[in-house]
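Structure, as structure tokens:
The values are calculated or read from the model by the stated rules, or taken from the named source; none is laboratory data. What you see is a predicted model, and the numbers here were worked out from it, not measured in a lab. Cβ placement follows ideal geometry from the backbone for every residue including glycine, while neighbour counts extend to all protein chains displayed.
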Amino acid sequence: MMTPNVSPSLLGKFLVAQSGTFEVASYQTFDLTVELGVFGMDDKGSVRFVFHGAKDYSEPQTEDPTAPGYVTARTSSGKALEVAWHPFLSERPWFNTLEVRLVEGGLRPGDKIFVTLGDTSQGSPGFRMQTYCQDEFKFRAMINPFSTQQFREMEQMPTITVGPTVAHRLVAVLPTVRQVGEKFRLSVKAEDIWGNPTDKTALDLTLTPSLPVHGLPATAQLEAGKFALILEDIKTDQAGDLTISVTCPKTGMSCQTNPLRIQSERSHGHFWGDLHGQSGETIGTNSAWRYFEFARDKAFMDICSHQGNDFQISDAFWQELNNITREFDAPGRFLAIPGYEWSGNSTVGGDRNIWFRSEGEVIRRAHRALVDEAENPETDCHTAQDLFDTFVAEGTDVAVGAHCGGRYADITVAHDGRVENSVEIHSAWGTFEWILQDAFDCHHRVGIVGQSDGHKGRPGASYPGQSFFTSKGGYTCYLMNALTRDELFGAMRSRRHYGTTGTRLYMSVQATFDNPAKIYHQDPAVFGTDVGCDVARVADMGDIVQLASGEDRVWLNVDVTGSAPIERLDILDAGKVIETLQPNVPDGSTKRVRVIWRGAKYRGRGRNMPWREGCVQIEGNEIEQVTAVNFWGPEVQPVLETAHSVVFEGLTAGNLQGLDLMLAKSGTGVLKFSTQQVEFELDLAHLKPGADHVVDVEGLGADVRVSLIDETRNTTKARHDFEISLDGKTERRLFARVTQTDGHQAWSSPIYLLP
């Protein structure tokens, strides 16, 4: 049925009394008023106040007048109202809906509906704002004056601004690889407790390098009103791993940069990207222009791409996105890559990231659920395989990656090595090592990426806040000779990259052989053996290697410098751990016990696994200190209730989460773990250094692990040559996985060894 053609000016007026800028996560009260137009409102008529999909504010509620988000509503005529909050009632991306409905009788023209969002009159602290910044937080009203359930948008859309709060921590970033004497820059910012860059306060900083650095001042100031301090053209004449400690003596805040490998000889550069996220034009926050600006100037990324859902991208917005990437793209400084997210259902292939080398390419949508225009429907590709075939047939200069979002990519349904080169195994949605295992099981040869799919307007620094996201968004480090699109697409297609859970570490993984081997950068099973190859005794991550006849061993040379102490370095073959190096293995005297849980319910949209009513108890010993691992929201931190118990509410989607317990004594006591999923107890006297106690939990890759962690050794380096025997018959898929004590992980793209 058609929506009646009613002029919005006849429907009435919508006003919000408050305006201006409000701090993230602050408690506020908003007075919303709808003044009815010439039609008034019929019996059972209603108004919907709809909010954009990216949200983590306190949900409006009418049950508890003392709790956050309490809502009251009344009419100027005294007619009764029903109020209800529906998270998924209206059309995406405005599906968060506060509906106010007349109980009985109608309203006259000029009558008013008053809604107080965050009513504090009975003890509620108010409506808690979202945890991320927004240039325009929009209040949008849809009215149903004829009680036909056909909602029309009211003319006014009041807006406020959501800004950062005070500085809570410092973040400092260096590049990852430079030569001796080569210039580089140091970037420093302050973040509030929710991860928003903040310009609230001037901070006087001291800078202390681990190696002598020319041009680096001993002190500097992050000025009030500025979001970053950038120090250009500094350099060092010494090889090694450089870090710079940044401290604010007045506040006590301090941080250390990621490691910068200073090399005597030139090698691949390491360039960092977050190539997957959305802006407010689709399901994210702020404009697409602000999105790229944030990645470049506040997250200090080298590479960024916008990946809006195709079914929300109009032809006009697609053109705008192409104009924005043209504007921001600056080879040697910052790459802005045109692209989008093909968003088919999992049953026809699932989400795919699409990256184009050049602007002006055709957007091929999975469907047009939220796109009005119907021109050029022949450009749509309704299945992933249709998409791949079309790209190949037309010779499109494109790279494709499999993604696990709301709709997970099913690469057992569709994959094409001619265009699809990678699988995303970490994002803000969680960690998905299972998709790499799917690739191995199907004999696909893909690389590994980590990205954010952030919805909060913070590409490259995507914290989950208080929403359904479970983790910080990931990064990918691309091994390139220069920061250009040609080099980037070469790295994508040859799988020369490693993914992380959102930290910058140095990783090198190479394989060396006794005899020269053929090194393919393109898959010979897809492109044929005549695509060309190098002949060498060394292969890099992502390479496909045809070994010499009779080769019976390979050395996997792994060199890692972490951004935090390294807990373990695992070497995997097709997903199975075959070697483990633990550079910080404790002796039996350690008093530090780590409890880690992980896993998901299943692969799909409802994958989040809550670890509810969690408790860790220690009998026969005492807990002196507890440190949270990957509890990202400041409002959901574990609580040390007594010297014998810690309580928590956890949430994972394949990613790691847990606790570090510092006990009064070593090797003594009984640990009792309980959540709604599982309960067990462990005599700590039986826990051996270097060996995990593992308890399996129902779910996808779900378990709980208890281990000992060294409390004094804090090496960030792991370097080892692993000798791996070959049988001459089996393809080997070798890669490294790094786990740091801070909970961050990284994965190298596999080296594929053909017998």
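Miscellaneous remarks
- In summary, Gln740 fulfils each of the numbered conditions (1) more than 25 Å from the chain's Cα centre (by Cα); (2) at pLDDT 95 or above; (3) crowded, with 16+ Cβ neighbours inside 10 Å with the single exception of condition (1).
Yes or no, residue by residue, for (1) more than 26 Å from the chain's Cα centre (by Cα); (2) in a strand (DSSP E or B):
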residue: Asp570; (1), (2): no, yes
residue: Asn584; (1), (2): yes, no
residue: Asp587; (1), (2): yes, no
residue: Ile596; (1), (2): no, yes
residue: Arg605; (1), (2): no, no
residue: Ile618; (1), (2): yes, yes
residue: Val626; (1), (2): no, yes
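- In the set (1) surrounded by fewer than 19 Cβ atoms within 10 Å (Cβ to Cβ); (2) more than 25 Å from Asp559 (Cα to Cα); (3) not acidic (Asp, Glu), Gly575 fails one condition alone, (2).
- Single residue of the range 666-694 satisfying the filter (touching a Lys or Arg at 6+ places or on another chain (Cβ under 9 Å) and within 15 Å of Gly614 (Cα to Cα)) that is modelled with the lowest pLDDT: Gln677
- When Gln466 is tested against the conditions (1) polar (S, T, N, Q); (2) within 30 Å of Arg504 (Cβ to Cβ); (3) free of Cβ contacts under 8 Å to residues at least 24 places away in the same chain, the lone failure is (3).
- Residue count for the range 412-435 under the criterion of being in a loop (DSSP other than H, G, I, E, B) and farther than 24 Å from Pro338 by Cβ: the result is 3.
- Of all residues in the range 713-722, none are buried (at least 16 other Cβ atoms within 10 Å of the Cβ) and touching a Lys or Arg at 6+ places or on another chain (Cβ under 7 Å).
- Count - residues of the range 359-379 that are within 30 Å of Asp486 (Cβ to Cβ) and surrounded by 15 or more Cβ atoms within 10 Å (Cβ to Cβ): 6
- One residue from Phe432, Phe489, Phe391, Phe469 being modelled with pLDDT under 95 and outside the structural domain of Ala628 (by TED's automatic domain parsing): Phe469
- Applying the set (1) touching a residue at least 60 places away in the same chain (Cβ under 8 Å); (2) among the hydroxyl-bearing types (Ser, Thr, Tyr); (3) out of contact with any Ser or Thr (no Cβ under 6 Å at 6 or more places or on another chain) to Ser589 leaves exactly one unmet item: (3).
- The condition (being of a type in the set (Val, Ile, Thr) and touching a Gly at 6+ places or on another chain (Cβ under 9 Å)) is satisfied by just one residue among Thr561, Thr580, Thr529: Thr580.
- Applying the criterion of being exposed (fewer than 13 other Cβ atoms within 10 Å of the Cβ) and of a type in the set (A, V, I, L, M, F, W, C) to the residues of the range 203-229, the residue that is farthest from Ser267 (Cα to Cα) is Ala224.
- So Trp632, is it assigned by TED's automatic domain parsing to the domain that holds Gln677, of a type in the set (Phe, Trp, Tyr), more than 30 Å from Ser725 (Cα to Cα) and in a loop (DSSP other than H, G, I, E, B): yes
- Considering the range 650-755, the qualifying strands (runs of 3 or more DSSP E), each wholly inside and each with 1 or more residues that are of a type in the set (Ser, Thr, Tyr) and in contact (Cβ under 8 Å) with a residue 24 or more places away in the chain, run over 670-674, 700-709, 717-725, 732-740, 745-748, 751-754.
- Just one of the listed residues (Leu387, Leu335, Leu370) is closer than 21 Å to Gly454 by Cα, touching a Gly at 6+ places or on another chain (Cβ under 8 Å) and not small (Gly, Ala, Ser), and it is Leu335.
- The range 29-62 - residue that is acidic (Asp, Glu) and closer than 22 Å to Gly78 by Cβ and, of those, surrounded by the fewest Cβ atoms within 10 Å (Cβ to Cβ): Asp43
- One residue stands out in the range 639-649 among those that are under 21 Å from Trp194 (Cβ atoms) and touching a residue at least 24 places away in the same chain (Cβ under 8 Å): the one that is nearest to the chain's Cα centre (by Cα), namely Glu649.
- Residue count for the range 63-92, restricted to those that are surrounded by 15 or more Cβ atoms within 10 Å (Cβ to Cβ) and over 30 Å from the mean Cα position of the chain (by Cα): 12.
- Only listed residue being farther than 30 Å from Glu635 by Cα and either in contact with an Asp or Glu (Cβ under 6 Å, 6 or more places away or on another chain) or not hydroxyl-bearing (Ser, Thr, Tyr) (or both), chosen from Gly69, Gly53, Gly106: Gly106
- Single residue of the range 303-345 satisfying the filter (buried (at least 24 other Cβ atoms within 10 Å of the Cβ) and of a type in the set (Asp, Glu)) that is farthest from Asp233 (Cα to Cα): Asp310
- Asn286 vs. criteria assigned by TED's automatic domain parsing to the domain that holds His403 and either farther than 21 Å from Met492 by Cα or in a helix (DSSP H, G or I) (or both): yes
- Residue ID - surrounded by the most Cβ atoms within 10 Å (Cβ to Cβ), chosen from residues in the range 384-404 that are in a loop (DSSP other than H, G, I, E, B) and over 26 Å from the mean Cα position of the chain (by Cα): Thr396
- Filter result for Arg48 (under 21 Å from Met157 (Cα atoms) and outside any loop (DSSP other than H, G, I, E, B)): yes
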